[in-house]
Amino acid sequence: MRRKIIAGNWKMHKTPSETERFIRKFLDLVPKEPSCKVIIFPPFTSLERAGRFLAPTTVELGAQDVHFHDNGAFTGEIASSMIKECGGNYVLVGHSERRTHFQESDTIVNRKLVAAIHGNLAPIICIGETITEYRAGTTKQRLEAQLSGGLSKIDPSQLASILIAYEPVWAIGTGETAAPATAQRTIEYIRQWIAGKYNAASADMVPILYGGSVTAANTRDLLAQPDIDGLLVGGASLDPHSFAAIVIASE
Ligand code: 13P
């Protein structure tokens with residue numbers, strides 16, 4: 001049985017002091033030991049502060065990106081060891097905003113994934129089709145390309161530390177959530193693809209999250225789908241009350 005995961009991607013929001021205020025309030029609102037795993041992804045500059053406040057709690061911490069080298073002359077980049085020392089155990093890789101605005105290719109996503117695993121971070125590889133691809137009926141081809149490129153050279157033992165987030169680009173920040181049955185069908189396809197490339201046991205274990213306009217109102221219906229193991233929340237994770245409501249709705 002895969003444990004449900006509720007993850008909050010704050011994107012480029014919150015300073016360290018705003019992060020601290022959020023965490024204090026959020027911890028007041030959720031059970032000390034929620035049945036789901038909760039992960040917060042603040043910006044790099046808030047990781048250290050978040051790590052300090054989350055250390056005594058069950059809430060996990062992750063970064064929104066990672067560079068594929070361990071260190072070196074890469075101005076502006078952040079290595080997995082830096083995230084780890086702040087208390088991060090997870091990292092988002094290949095979010096659609098990075099693919100669109102920062103030209104991240106599947107090759108770069110793959111290098112980041114490998115670096116994260118070597119740095120003992122559990123990567124969440126984000127995949128999803130655009131509205132044009134969705135309308136053209138080419139969602140599966142898009143996902144297939146992102147999966148085969150992103151997971152290139154990843155062996156079954158490495159797959160065990162990877163999570164997948166299916167985030168249709170047309171559902172991100174639009175208020176237009178994928179219908180639970182549609183999200184289920186696509187995520188079932190992703191799981192079948194994993195079974196084909198690896199094996200049934202790996203496919204059964206890999207956590208697959210849905211992301212795109214998640215709110216407390218649609219949490220239950222999405223999580224009721226057999227292949228949806230969790231939610232990657234953007235906008236609704238910025239307010240401690242709305243994020244706590246999602247955690248509580250997932251119980
Ligand atoms: P929204 O929940 O704001 O649609 O964002 C989803 C997302 O991109 C999470 O990574």
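Quick look at the values:
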{"read-out": "Distance between modelled label sites at ALA160 and GLN141, nm, 7 Å Cα→Cβ extension", "value": "3.7 nm"}
{"read-out": "HN-Hα J in Hz across segment 71-78 - Karplus 6.51, -1.76, 1.60, θ = phi - 60°, x for Gly and Pro", "value": "5, x, 7, 10, 3, x, 9, 10"}
{"read-out": "Förster radius 22 Å - calculated FRET efficiency between ARG52 and HIS241 (Cβ-Cβ, nearest 0.05)", "value": "0.45"}
{"read-out": "Heavy atoms of GLU77: accessible area, 1.4 Å probe, square angstrom to 10", "value": "80 Å²"}
{"read-out": "Over 25 Å (Cα to Cα) - which of LYS37/LYS153; LYS112/LYS140; LYS37/LYS140 fall in this group", "value": "LYS37/LYS153; LYS37/LYS140"}
{"read-out": "Pair GLU85, ALA217: separation of 7 Å Cα→Cβ label points (nm)", "value": "4.5 nm"}
{"read-out": "Added length on full extension, which subtracts the Cα-Cα distance from 0.36 nm per residue, THR107 to LYS197", "value": "30.6 nm"}
{"read-out": "Spacing of the two label points (7 Å from each Cα toward its C-beta) at THR75 and SER148, in nm", "value": "3.9 nm"}
{"read-out": "Antiparallel bridges, percent of DSSP beta bridges restricted to segment 1-97 (to nearest 5)", "value": "0 percent"}
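The values are calculated or read from the model by the stated rules, or taken from the named source; none is laboratory data. All of these numbers come straight from a predicted model, not from anything done at the bench. Virtual Cβ from ideal backbone geometry, glycine too; neighbours counted across all protein chains shown. For the accessible areas, the whole protein counts, side chains as well, though only heavy atoms, and no ligand, DNA or RNA atoms are used. Shrake-Rupley method; radii C 1.70, N 1.55, O 1.52, S 1.80 Å.
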